[in-house]
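Visitor: I'd like to ask some things about the structure below.
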Amino acid sequence: MSDAAWQEFLLKLTDLMGARECVFGGGQGGHTNELFAPHSDPDYVTRYLDVYHQQNDIMRAVADQGAGAITLADDLPEISDFRRSDFYNLYCVPQKFIHALALNLASSTGWYGTLVINTSSEITGTQIEQLRALAPDLQAAVERWRWLAQLQVANRMTLSTLDLAGQGAMLLDRSGRVLDCNDTAQSMLADGRLLLRDGQIGCAETESHQTLVSLIAHCLAQPDQGGGRAKLSGSDGDMIVQCVPFLAEMHYAAPQRPSAILMITDPRHRIRQRLRGLTQRFGLTRAEIELALAVLETGNRKAAAQMRGVSDATARAQLTSIFDKTGVRRQTELVRLLMYDG
């Protein structure tokens with residue numbers, strides 16, 4: 001189900017087959033998008049991709065045998081010309097890739113590839129039977145692997161689209177653990193509006209935490225009811241969360257498959273982004289940012305102080321510091337700075 005797992009599998013297969021190297025590669029539309037060769041020197045792999053891939057006539061002949069075919073390279077009519085090629089003599093021979101046994105693998109997603117077992121001695125009947133026995137499981141693994149990759153691309157597009165809308169989003173597995181999240185959700189985690197403990201999402205405030213946990217649990221337990229929404233209250237303002245079932249077009253169980261998507265709407269998101277930029281630009285403190293938000297919301301310093309739970313004297317001192325750092329002189333100028341570039 002992962003690239004790392006293929007590398008580990010190929011190492012074990014090389015030992016099982018008594019081979020020099022087991023290589024696995026393929027892609028969409030005839031392009032080599034993936035190539036796993038865990039025993040090979042990385043410089044050789046780079047040279048293959050940059051130079052020899054286009055000259056590998058024997059692999060084109062193997063691919064022509066069709067999906068599911070097991071091919072002994074020595075039996076191909078192209079083998080004589082292949083052994084005279086630069087690819088064979090400058091790439092294969094130095095690595096003792098003298099003989100090869102290949103299995104073509106394909107996915108319904110349009111991906112096509114080949115597993116090649118390279119040996120220094122002639123391929124035996126036992127090796128052929130071993131590969132034939134593994135072939136059905138390898139085909140099933142490739143199908144799941146490519147479907148998962150396609151799903152991950154679609155998931156990332158979903159998260160990115162919600163990012164553009166200024167909405168936080170998290171994909172949750174069937175246990176409620178976070179699989180992935182967009183940048184907006186990451187910022188909510190970074191500033192403490194949301195918390196992540198042991199892979200589970202939550203809030204600092206107890207009541208809001210219980211509300212969020214219950215919302216997620218209900219959505220996962222009863223997906224046919226379409227999920228639900230709730231309001232989370234916090235010291236930095238309210239957020240609206242909605243948890244809905246994530247209906248993936250996959251027909252098998254997988255730990256990496258999302259079961260729900262949690263969408264978080266913060267009415268102050270865009271102004272927070274603006275303040276984050278101003279903080280980096282002018283060096284505003286957290287207290288000054290919170291006061292600036294309160295001034296923007298209430299329209300005056302005294303109401304902002306009351307909203308923040310600080311004295312008017314404290315608010316006046318913080319506002320003076322904001323003015324000094326930003327160069328503005330009036331609250332109207334501060335509001336303009338908060339709302340617009342300049």
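Visitor: What is the residue count in the range 1-41 for residues that are open to solvent by less than 40 Å² (accessible area, probe 1.4 Å), within 23 Å of the chain's Cα centre (by Cα), in contact (Cβ under 8 Å) with a residue 60 or more places away in the chain and under 23 Å from Ala133 (Cα atoms)?
Guide: 4
Visitor: Mind listing just one residue for me: the one in the range 179-206 that is over 23 Å from Asp163 (Cβ atoms) and out of contact with any strand residue (DSSP E or B) (no Cβ under 9 Å at 6 or more places or on another chain) and, of those, most open to solvent (accessible area, probe 1.4 Å)?
Guide: Arg197
Visitor: Within the set of pairs 6+ apart or on separate chains, which have a first residue in the range 227-246 that is among the basic types (Lys, Arg), a second that is open to solvent by less than 20 Å² (accessible area, probe 1.4 Å), and C-beta atoms under 7 Å apart?
Guide: Matching pairs, first to second residue: Arg229/Val241.
Visitor: Among the residues of the range 34-41, is there at least one that is modelled with pLDDT under 95 and assigned to a helix (DSSP H, G or I)?
Guide: No - not one qualifying residue is present in the range 34-41.
Visitor: While we're on this one: Pick out the one residue from Thr114, Thr71 that is under 30 Å from Arg257 (Cβ atoms) and under 37 Å from the mean Cα position of the chain (by Cα).
Guide: Thr114
Visitor: Still on this structure, please answer the following. Go through the range 311-336 and count every residue that is at pLDDT below 90 and assigned to a loop (DSSP other than H, G, I, E, B).
Guide: 4
Visitor: Within the range 318-342, work out how many residues are farther than 17 Å from Ile271 by Cα and open to solvent by 60 Å² or more (accessible area, probe 1.4 Å).
Guide: Looking only at that region, the number is 5.
Visitor: Here's another thing I want to ask about it. Scan the helices (runs of 4 or more DSSP H) fully inside the range 46-164 and keep the ones with 3 or more residues being of a type outside the set (A, V, I, L, M) and free of Cβ contacts under 8 Å to residues at least 60 places away in the same chain.
Guide: 79-83, 125-164
The values are calculated or read from the model by the stated rules, or taken from the named source; none is laboratory data. Everything numeric in this text was worked out from a predicted model, so none of it was measured. Cβ sites come from the backbone with ideal geometry, for glycine too, and all protein chains shown count toward neighbours. Side chains included, ligands, DNA and RNA excluded: accessible areas come from the protein's heavy atoms. Shrake-Rupley method; radii C 1.70, N 1.55, O 1.52, S 1.80 Å.
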